[in-house]
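What follows is one structure encoded as structure tokens, with my remarks underneath.
We did not get these values from a lab; they are worked out from the coordinates using the rules stated. As the structure is a prediction and not an experimental result, all values here were calculated from the model. Glycine gets a Cβ as well: all are built from the backbone with ideal geometry, and neighbour counts include every protein chain shown.
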Amino acid sequence: DTGVSQDPRHKITKRGQNVTFRCDPISEHNRLYWYRQTLGQGPEFLTYFQNEAQLEKSRLLSDRFSAERPKGSFSTLEIQRTEQGDSAMYLCATEPLGGQRTDTQYFGPGTRLTVL
Amino acid sequence: AQTVTQSQPEMSVQEAETVTLSCTYDTSESDYYLFWYKQPPSRQMILVIRQEAYKQQNATENRFSVNFQKAAKSFSLKISDSQLGDAAMYFCATSGGATNKLIFGTGTLLAVQP
């Protein structure tokens with residue numbers, strides 16, 4: 001169990017550019033969540049995958065955001081035409097389902113995005 | 001809808017003393033869980049303790065324990081024998097429903113004084 005990993009850890013980009021983040025879950029964790037955390041706030045839910053199916057998207061996830069989880073393993077979160085308001089920490093969390101169900105999410109270290 | 005409220009933006013405790021962090025919540029779920037997560041300055045979110053709402057017994061994990069009052073929708077965290085390493089932001093959260101997504105409070109920043 002190597003934990004949830006995220007890449008990159010930090011990303012600085014200019015307004016209008018596209019960025020993509022990656023999350024690698026703990027092995028055999030079927031559930032995968034993306035959250036966004038702005039300074040001084042708690043994380044806010046963005047989207048949820050169960051295996052490769054994206055089953056819920058928050059209203060926070062505008063049409064500039066897209067997430068995928070091909071083959072139910074790693075996930076990517078892409079932001080197109082970034083805006084300064086997108087600056088935040090993007091957190092990935094995973095959880096087992098089925099026989100290993102724990103109802104507890106394990107978080108990665110996050111990707112800190114700064115949009116100039 | 002689910003909401004979590006943490007009314008203490010900051011708390012301070014002397015090393016070796018006990019501190020209690022408050023949390024209230026609201027949920028329409030009949031089956032839900034409650035959590036306290038710790039986020040140290042390195043910002044990796046770490047689970048401290050969790051409580052199944054259907055269990056009346058309060059959860060404990062070493063120096064950490066909760067006071068779960070279901071009728072009052074209250075879920076406070078008690079840290080005993082505080083250590084310098086306990087200094088962090090603490091988030092209360094609830095989950096439930098089909099996706100089990102977490103709803104977080106705004107956090108309490110805990111300082112531990114030597």
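Among the listed pairs B:Lys38/B:Lys70; A:Lys57/B:Lys73; A:Lys57/B:Lys55, those whose Cα-Cα separation exceeds 25 Å are A:Lys57/B:Lys73; A:Lys57/B:Lys55.
Go ahead and run the numbers for FRET between B:Ala16 and A:Leu97, Cβ-Cβ distance against an R0 of 45 Å, rounding to 0.05.
With a Förster radius of 45 Å, E is 0.65.
Let me check I've understood the local charge: for A:Met89, count other residues with C-beta under 9 angstrom from its C-beta, Lys and Arg +1, Asp and Glu -1. What total comes out? Before the final figure, lay out each step's value.
Details: positive: A:Arg36, A:Arg112, B:Arg43; negative: none.
After counting each charged neighbour, the total is +3.
Positive end of the dipole of chain A (Cβ unit charges, origin at the Cα centre): among A:Cys92, A:Ser73, A:His29, the Cα lying farthest that way belongs to A:Cys92. Listing A:Arg22, A:Arg31 from fewest to most neighbouring C-beta atoms within 10 Å gives A:Arg22, A:Arg31. Extension gain, A:Glu83 to A:Arg64, is 5.9 nm, computed as 0.36 nm per intervening residue step minus the present C-alpha separation. Measuring from centroid to centroid over Cα atoms, what is the spacing of segment A:21-89 and segment B:65-114 in Å? The distance from the Cα centre of segment A:21-89 to that of segment B:65-114 comes to 24 Å.
How charged is the neighbourhood of B:Ala59? Take every other residue with its Cβ under 10 Å from the Cβ of B:Ala59, and add Lys/Arg as +1 and Asp/Glu as -1. Result for the local shell: 0.
Considering only B:Leu84, B:Thr18, B:Ser30, whose Cα is most displaced toward the positive end of the charge dipole of chain B, charges sitting on Cβ of Lys, Arg (+1) and Asp, Glu (-1)? With unit charges placed on the Cβ atoms, the residue in question is B:Ser30.
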